[in-house]
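Chemist: I am attaching a structure below and will ask some questions about it afterwards.
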Amino acid sequence: MPTLTLISHPLCPFVQRAAIVLLEKQVPFQRINVDLSDKPAWFLEISPTGKVPMLQVQEAGGSNEVLFESVAICEYLQETQPGPSLYPDDPLARAKHRAWIEFGSATLAEAWGYLNAKDHVTANVKATSLKDKLAQLEKVPSLGPYFDGETFGMVDVVFAPVFRYFDVLETDRDASLFADFPRVNAWRKKLRVRASVIAAVSTDYPALFRAHLRRQQVLLMEKI
Ligand SMILES: N[C@@H](CCC(=O)N[C@@H](CS)C(=O)NCC(=O)O)C(=O)O
């Protein structure tokens, strides 16, 4: 088995995807955090995008490869590591899951825009877009307790870091975002107690996330 090193940042939701997959599959790995505000030369040397996550794959024979892009990393782990499959076997179902993963990335972007809004107009626009996404999820027949019923899978992996933001804040304003979507809300609560989801971030994640929002002087700062 190769030695795996996840090149990370403590707050990055894309890093969390790879960490959750590694933890679900119980694969040993090391983690190295990179200061994204002052990227080290070694990181810029190996990263085509200058972004985390990256996964360093060191084979016992000496070869050393580096992967970038969270979805590519998750798919590599899914295909190479033992442990429970995070995709359905049926190709049609699998394709649907991949489409919802893309939807998860769009939902993450709306959530991030909402949380980082510095004025009421932007916050309201982003809240509306986010609620549109939650409304679509609410209609998914398989939803509950996980995205695909009883089986935890890659769509859950992608949504867990999105929901984590709101779990940390839990302000009245954010609770109201989920109020009209009881099935999504129950899903969110199921994901936040999953061992791999909990272990994907450090225990100081809530403090680091709040500090980030304060530094950005976001509108929500009044609430945290
Ligand atoms: N599409 C990429 C997105 C990764 C990404 O945006 N990572 C952020 C941190 S959450 C980053 O490294 N940003 C540094 C930069 O853009 O300079 C993926 O899925 O891996």
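The values are calculated or read from the model by the stated rules, or taken from the named source; none is laboratory data. Just so we're clear, the structure is a prediction, and the values are computed from it rather than from any experiment. When we count neighbours, we look across all protein chains shown, and the Cβ atoms used for this are built from the backbone with ideal geometry, even at glycine. Heavy atoms of the whole protein, side chains included, go into the accessibility calculation; ligands, DNA and RNA do not. Shrake-Rupley method; radii C 1.70, N 1.55, O 1.52, S 1.80 Å.
Chemist: Looking only at segment 45-68, how many residues end up being over 19 Å from E24 (Cα atoms) and in contact (Cβ under 8 Å) with a residue 12 or more places away in the chain?
Modeler: 12
Chemist: Exactly one condition in (1) within 11 Å of the ligand (Cβ to nearest atom); (2) surrounded by 12 or more Cβ atoms within 10 Å (Cβ to Cβ) is not met by D35; state its number.
Modeler: All conditions pass for D35, except number (2).
Chemist: When the residues of segment 49-80 are filtered to those that are among the polar types (S, T, N, Q) and under 20 Å from the mean Cα position of the chain (by Cα), which remaining residue is surrounded by the most Cβ atoms within 10 Å (Cβ to Cβ)?
Modeler: Among them, the one singled out is S70.
Chemist: Here is a list of conditions, (1) touching a residue at least 12 places away in the same chain (Cβ under 8 Å); (2) open to solvent by 10 Å² or more (accessible area, probe 1.4 Å); (3) not hydroxyl-bearing (S, T, Y), and L191 meets all of them except one; can you say which number that is?
Modeler: In the conditions (1) touching a residue at least 12 places away in the same chain (Cβ under 8 Å); (2) open to solvent by 10 Å² or more (accessible area, probe 1.4 Å); (3) not hydroxyl-bearing (S, T, Y), L191 misses (2) alone.
Chemist: Next up: Taking the conditions exactly as written (surrounded by fewer than 14 Cβ atoms within 10 Å (Cβ to Cβ) and touching a residue at least 40 places away in the same chain (Cβ under 8 Å)), does D119 satisfy them or not?
Modeler: It is true that D119 is surrounded by fewer than 14 Cβ atoms within 10 Å (Cβ to Cβ) and touching a residue at least 40 places away in the same chain (Cβ under 8 Å).
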